[in-house]
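To start, the structure itself, in structure tokens.
Nothing in this text is a laboratory measurement; each read-out follows from the coordinates by a stated rule. Here the structure is a predicted model, which is why all the values come from computation and not from measurement. Please note: Cβ atoms are built from the backbone with ideal geometry, for glycine as well, and neighbour counts cover all protein chains shown.
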Amino acid sequence: MPKVDTVGENYYKPLELAETIGGWLFWIVSALSIGTLFVDKAAYPVLFEILQIAFLVLALLFFVQGQAQELYFFPRAEDKRRQELLSNSYGVSLTNEETVGYYNNDQTNPLKRLAASIMESTFFTREIVRKMLVGQRAKTLGYLVVYVIAISVRSTNLELLTVAAQVLFSEDIISRWLRMEWLRLRSEQVYDNFHRLFSSKQSFSRVAAQSQAIDLFSFYETTKATAAILLSSRVFHKHNARLTQEWDQARTRLGI
């Protein structure tokens, strides 16, 4: 049966496009802010004015894009994913969106199926973020090294150092790296706790198991909302076959 994921098509693809646009705007604005430092206002007043206007316009667009992504596109996609997850687990219709083959477990108990689906999601999140972090760590370290070298050179323009600091400590470099590390750590915690819950063979008719499952579900949703990291579709598709096989092996061992 072919896989279907209308949530991804209708909500995560627009979010991915918004993030791509934001990435380009970030680097263009950064380049313009540095470029204006090297233009002599007295010698090239027209060029300086054009760069200033372009910087202001693009900086405003970058701000609007960031707010739209954080306050509209990201929560909208996460809300639809959560609604579809609950619909899939409890056999209800909270949304018109549909997924086929997105969650891979055979549980019929609604709460146990929800727990297994969240465990699967944290498994994939953990592994995909690990792969994404390879490049993010390298990029962050590279910029830190360049910035430290620039600080060490006394002849470096102070205004240039200020702009470089704004770029380095922006949402796209150090902040993004920290949020990715935090997402990986918290996803591992949820996965490990669900692994212990299923390994203990507790009945999901018991209040203790039910409360643990709901708590972990809330913990993971809070983690995703706070980190606000969009997982790379390129990394997912590249490693999906291997990760799916590993997940199938793990759930078979646990009997889920």
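Between residue 160 and residue 202, the C-beta separation translates, for a Förster distance of 45 Å, into a calculated FRET efficiency of about 0.15.
For the chain, count the residues as N, evaluate 2.2 N^0.38 Å, and divide the Cα radius of gyration by that value, please.
Dividing the Cα Rg of the chain by 2.2 N^0.38 Å gives 1.26.
For the chain, the longest principal axis of the Cα atoms and the long axis of helix 74-90 meet at an angle of about 10 degrees.
Taking 22 Å as R0, compute the FRET efficiency from the Cβ-Cβ separation of residue 233 and residue 134 and round it to 0.05.
Plugging the Cβ-Cβ distance into 1/(1 + (r/R0)^6) gives 0.85.
Taking region 215-232 and a reference point 7 angstrom along Cα→Cβ of residue 182, the backbone N atoms nearer than 17 Å belong to 219-231. Restricting attention to the chain, lysine pairs at least eight places apart or on different chains and with alpha-carbon atoms under 15 angstrom apart total 5. Axis of helix 174-199 versus longest Cα principal axis of the chain: the two differ by about 10°, to the nearest ten degrees.
Relative to one another, the C-alpha centroids of region 169-247 and region 6-57 are positioned 33 Å apart. When the trypsin sites (Lys or Arg not before Pro) in region 136-242 are filtered for DSSP coil states and for at most 12 other beta-carbon atoms within 10 Å of their beta-carbon, the remaining sites are 154, 201, 206.
Based on the reciprocal of the average 1/r between different C-alpha atoms, the Kirkwood radius for region 122-175 equals 12.6 Å.
Considering Cα pairs under 8 angstrom that are at least six residues apart, work out the relative contact order of the chain and quote it in whole percent.
23
Treating only the Cα positions of region 1-145 as identical point scatterers, give the base-10 log of I(q)/I(0) from the Debye formula at each q in 0.12 Å⁻¹. Values returned for q = 0.12 Å⁻¹ are -0.71.
Each label was represented as a point 7 Å from its Cα along the Cα-to-Cβ direction; for residue 44 and residue 94 these points are 5.6 nm apart.
Across region 178-232, the convex hull enclosing all Cα atoms gives 75 Å³ per residue. When the alpha carbon coordinates of region 13-64 are projected onto the principal axes, the ranges are 46, 15, 12 Å, largest first.
When the Cα convex hull of region 129-246 is projected onto planes of every orientation, the mean area is 9.7 nm².
Note on residue 141 and residue 153: the extension gain reaches 2.5 nm, defined as 0.36 nm multiplied by sequence separation minus the Cα-Cα distance.
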